[in-house]
Amino acid sequence: MANINTAGVDPTKMGVGRAIAVLTSGGDAQGMNAAVRATVRVGLYTGAKVFFVHEGYQGLVDGGDHIRPATWESVSMMLQLGGTVIGSARCKDFQTREGRLKAAFNLVKLGVTNLCVIGGDGSLTGANMFRTEWSDLLKDLISKGKITKEEAKTSSHLNIVGMVGSIDNDFCGTDMTIGTDSALHRIIEVVDSITTTAQSHQRAFILEVMGRHCGYLALVTALACGADWVFIPEMPPDDGWEDHLCRRLTETRKAGSRLNVIIVAEGAINKEGKPITCDQLKDLVTKRLGYDTRATTLGHVQRGGTPSAFDRVLGSRMGVEAVMALLEATPETPACVVSLSGNQAVRLPLMECVQVTKDVTVAMNEGRFDDAVKLRGRSFENNWNTYKLLAHVRPPETKSNINVAILNVGAPCAGMNAAVRAAVRIGIIQGHNMLAVHDGFEGLAEEKIEPITWNTVGDWTGKGGSELGTKRVLPGKYMEEISLNIAKYNIHALVIIGGFEAFSGALEMVQGRGKYEELCIPMVIIPATVSNNVPGSDFSIGADTALNTITTTCDRIKQSAAGTKRRVFIIETMGGYCGYLATMAGLSAGADAAYIYEERFGIRDLEVTNNSNVIRITDITQIRHLSTNMSCRNENCNSNYTTDFIFNLYSEEGKGVFDCRKNVLGHMQQGGTPTPFDRNFATKMGAKAVLWLTEKLKECYRHGRIFANTPDSACVLGMRKRGLVLQPLAELKEETDFEHRIPKNQWWLKLRPIMKILAKYQISLDTSEHALMEHVISKKPPVHMTLTK
């Protein structure tokens, strides 16, 4: 997280005497309300006045009741709502100087000199134009007698900060725009539903998703569902693609598949720039292959529905960062956009981002499609390269004679199967023989080992749980049997997918190398656990699915209690000693507190939360806006302050004021189909793991055999800040609290103050860190993104 201001400044006084206006413009996107909510509450926290601008720029031009003061309670029930509660509208008036003059007058009269705009590149470009003209607009208003010189002096400079709200993810400079993840949820829900009916009738389905100028939604959907083909505007298919497509569909059917899925972005084109449409593809497949083919255009269903947990957290983080950027801005600071790079909040010059976004369109118009993909950013390029590897490359005729074994270890989680599928298919493409190990390390000891083929894993991307089977058993007591089986099956490398047990088990395997030479083979650990507690990675496969399950459950609980408004809920989440799920669920569901092991708490903290519940429920100004009071509790946060204890405490203290209920969510958090994030993340992790093993095997090949005993031959593959990195187990050992099965340093702890401030805690926010302005345009041509994922 990028924090607030220079050390020594009281953050609760930063905004005193200042006013902030927030508006949403252009197409709506799920998560906009989370951004509005955070902007309002953090603005009020700093002492600033905050105003809603209803109906976007039109409301800014029209003024009057369209610009209203925002209060803490007025955003109380926004978080779980899709769309934008304050409205959005296309505004031609703002495109004229006369319209912008009216908008300037309305802001000056209210003393607003800080404008937060949530929208796409057109909306943000308009905001920058408004800022550039501000001084001239004030002069015109003075000359016309509409404002005084004193008013103009008070409002001499307009600060602009943008947040990108767009389901298309078409804004360069950020890995994810607000609304993209939720749109992917809607798409994948439809794809999963269509898949079942397509299999029943052996049909081919063609799905058109949004993306007039950007193929991100189509590309990630194709990765997440294992589509046979994807058409995107940034990379038109080569000439003769019709023959290639039909050949590929035929091969898939001959291999035993009962369906075909083709994903088309609405802006898909061929090399000549002519559209490729669903109907055109349907006619092609029907006439050439005779397949029963259906076409579906998803349309605005992609914009609808409740925001995903990711978009709620993203919107909240961006809202906090936007307020801080506004209050820290000087007249010399360029208008900026707050965005996401990896898991880092960053500030970028707005017009640089707009320029690179326009450069993509220019590149496509000029037929420079490779440049267009690069300009979209490293994340987009990685997705495209991974898709090409998995979908379009045929396995080589010559084999490598390398045997790679894959096993799942620890508790099951959604996304494990997607990682296995990617690893198996990339391995086969590399010419390796892939082996499946059932039931983890125990299966490796008991010879539960068999070949696994390209077609075996064909439909695994969307399956929850673990198809290979998984156990928590560590390898220590089976070391001799494991070493014998590694030799018997001539295993040259291991892919271990799992949670803390995978990490601990791999460490035991490395320690056993001194005694058992057969263990001197490259190993890679892919973190996969709902707890998100594996050292070496900021995210684990499965955690996003679990978080969405918790968030959805909390939404339903809040809805069930909305009628009484006098009820307090305690929600117990999984995670072992790791408080990630409890904290992020608290942030995404709008909880009042999240009790975790990493942040010690006592009876006085419980008393503060209880008193807050009483105040909110008895205050008539708050009760009208209150949905329900809710606290999240990590399962192992404290051995004495258990869920039952807190329930009994609140029940006793709340007598006559509120009822208390408790919900232990349990193993439902490990189930379900993986979210789009987990499918995509797992696919990229599985692919990168095997590609790394392939290179490592070349390094370790000596005297006709594989021998790997250096520290960097056993690594954890993880997401660290802005990219996928491999870290030796030996290094990570020093960063691990083995007693409590958590890393010693966890990035998400810095998000806890945001959760508390948004829940109206009277706390101080750490102001020791800055999100510095970064550049998107490199200083040497050609233009490339500097952001990675």
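The values are calculated or read from the model by the stated rules, or taken from the named source; none is laboratory data. Note that the structure is a prediction, hence the values are computed from the model and not measured. Cβ atoms come from the backbone with ideal geometry, glycine included; neighbour counts cover every protein chain shown. Note: areas computed on protein heavy atoms with side chains; ligands, DNA, RNA excluded. Shrake-Rupley method; radii C 1.70, N 1.55, O 1.52, S 1.80 Å.
Mind counting the residues in the range 268-310 that are in a strand (DSSP E or B), open to solvent by 30 Å² or more (accessible area, probe 1.4 Å) and farther than 29 Å from GLY119 by Cα? The total comes to 2. Of all the listed residues (GLY704, GLY718), the sole one being open to solvent by less than 60 Å² (accessible area, probe 1.4 Å) and without any contact (Cβ under 8 Å) to a residue 40 or more places away in the chain is GLY704.
Condition check for MET78 on (1) over 22 Å from VAL164 (Cα atoms); (2) of a type in the set (A, V, I, L, M, F, W, C); (3) at pLDDT below 95; (4) open to solvent by less than 30 Å² (accessible area, probe 1.4 Å): one failure, at (1). Total residues in the range 141-150 satisfying the condition of being in a helix (DSSP H, G or I) and buried (at least 17 other Cβ atoms within 10 Å of the Cβ): the figure is 1. Among the conditions (1) open to solvent by 50 Å² or more (accessible area, probe 1.4 Å); (2) closer than 30 Å to SER182 by Cα; (3) among the acidic types (Asp, Glu), the only one that ASP678 does not satisfy is (1).
A search for C-beta distances below 6 Å between a residue of the range 167-184 that is closer than 15 Å to LYS358 by Cα and any residue that is hydroxyl-bearing (Ser, Thr, Tyr), counting only pairs 6+ apart in sequence or on different chains, returns ASN169/THR177; ASN169/THR180; ASN169/TYR216; PHE171/THR177; PHE171/THR357; CYS172/THR357; GLY173/SER339; THR174/SER339. Scanning the range 588-613 for residues that are among the hydroxyl-bearing types (Ser, Thr, Tyr) and open to solvent by 20 Å² or more (accessible area, probe 1.4 Å) gives TYR597, SER612. Screening the range 572-687 for strands (runs of 3 or more DSSP E) wholly inside it with 1 or more residues that are closer than 15 Å to LYS756 by Cβ returns the ranges 593-595, 629-634.
Within the range 437-454, the set of residues being touching a helix residue (DSSP H, G or I) at 6+ places or on another chain (Cβ under 9 Å) and within 22 Å of GLU251 (Cα to Cα) comprises ILE452, THR453, TRP454. Look at the range 223-240: where a residue is over 23 Å from ARG212 (Cβ atoms) and assigned by the TED database to the domain that holds THR195 and a partner is of a type in the set (Phe, Trp, Tyr) and surrounded by fewer than 22 Cβ atoms within 10 Å (Cβ to Cβ), sitting 6+ places away or on another chain with Cβ atoms under 9 Å, you get GLY226/TRP460. Among helices (runs of 4 or more DSSP H) entirely within the range 407-517, having at least 2 residues that are open to solvent by 40 Å² or more (accessible area, probe 1.4 Å) and closer than 24 Å to LEU729 by Cβ singles out 479-488, 500-511.
For every residue, the table says whether it meets (1) under 26 Å from GLY465 (Cβ atoms); (2) at pLDDT 95 or above; (3) outside the structural domain of ILE526 (by the TED database); (4) in contact with a Gly (Cβ under 7 Å, 6 or more places away or on another chain).
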{"site": "ASP678", "(1), (2), (3), (4)": "yes, yes, no, yes"}
{"site": "LYS688", "(1), (2), (3), (4)": "yes, yes, no, no"}
{"site": "TYR701", "(1), (2), (3), (4)": "no, no, no, no"}
{"site": "GLY704", "(1), (2), (3), (4)": "no, no, no, no"}
{"site": "ALA708", "(1), (2), (3), (4)": "no, no, no, no"}
{"site": "SER713", "(1), (2), (3), (4)": "no, yes, no, no"}
{"site": "GLY723", "(1), (2), (3), (4)": "no, no, no, yes"}
{"site": "GLN727", "(1), (2), (3), (4)": "no, yes, no, yes"}
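Condition check ((1) among the small types (Gly, Ala, Ser); (2) over 24 Å from ASN403 (Cβ atoms); (3) in contact with a Gly (Cβ under 6 Å, 6 or more places away or on another chain)) across all residues:
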position: ILE497; (1), (2), (3): no, no, no
position: TYR516; (1), (2), (3): no, no, no
position: CYS520; (1), (2), (3): no, no, no
position: ASN532; (1), (2), (3): no, yes, no
position: THR551; (1), (2), (3): no, yes, no
position: ARG556; (1), (2), (3): no, yes, no
position: THR573; (1), (2), (3): no, yes, no
position: TYR580; (1), (2), (3): no, yes, no
position: GLU598; (1), (2), (3): no, yes, yes
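Screening the candidates VAL337, VAL313, VAL346, VAL320 for the property of being of a type in the set (Val, Ile, Thr), at pLDDT 90 or above, open to solvent by less than 40 Å² (accessible area, probe 1.4 Å) and not in a helix (DSSP H, G or I) yields one hit, VAL337. Note on the range 349-401: no enclosed helices (runs of 4 or more DSSP H) hold 3 or more residues that are open to solvent by 70 Å² or more (accessible area, probe 1.4 Å), in contact with a strand residue (DSSP E or B) (Cβ under 6 Å, 6 or more places away or on another chain) and of a type in the set (Lys, Arg). Within the range 38-69, the residues that satisfy the criterion of being touching a strand residue (DSSP E or B) at 6+ places or on another chain (Cβ under 8 Å) and open to solvent by 10 Å² or more (accessible area, probe 1.4 Å) are LEU44, LYS49, PHE51, PHE52, HIS54, TYR57, HIS66, ILE67, ARG68, PRO69.
Against the condition open to solvent by 10 Å² or more (accessible area, probe 1.4 Å) and not in a loop (DSSP other than H, G, I, E, B), how does GLU739 come out, does it pass? For GLU739, the condition - open to solvent by 10 Å² or more (accessible area, probe 1.4 Å) and not in a loop (DSSP other than H, G, I, E, B) - is not met. When GLU272, GLU251 are checked against the criterion of being closer than 13 Å to TRP229 by Cβ and either polar (S, T, N, Q) or without any contact (Cβ under 8 Å) to a residue 24 or more places away in the chain (or both), a single residue qualifies: GLU251. Every test in (1) under 26 Å from GLY590 (Cβ atoms); (2) of a type outside the set (Lys, Arg); (3) without any contact (Cβ under 8 Å) to a residue 12 or more places away in the chain is passed by ASP65 save one, and that test is (1). Inspection of the range 639-659 identifies no residue that is open to solvent by 40 Å² or more (accessible area, probe 1.4 Å) and within 29 Å of the chain's Cα centre (by Cα). Starting from residues that are touching a helix residue (DSSP H, G or I) at 6+ places or on another chain (Cβ under 7 Å) and of a type in the set (Ser, Thr, Tyr), keep the ones in the range 537-587 and report whichever is most open to solvent (accessible area, probe 1.4 Å). Of everything passing the filter in the range 537-587, THR549 is most open to solvent (accessible area, probe 1.4 Å). With respect to (1) at pLDDT 95 or above; (2) assigned to a helix (DSSP H, G or I), the lone exception for HIS244 is condition (1).
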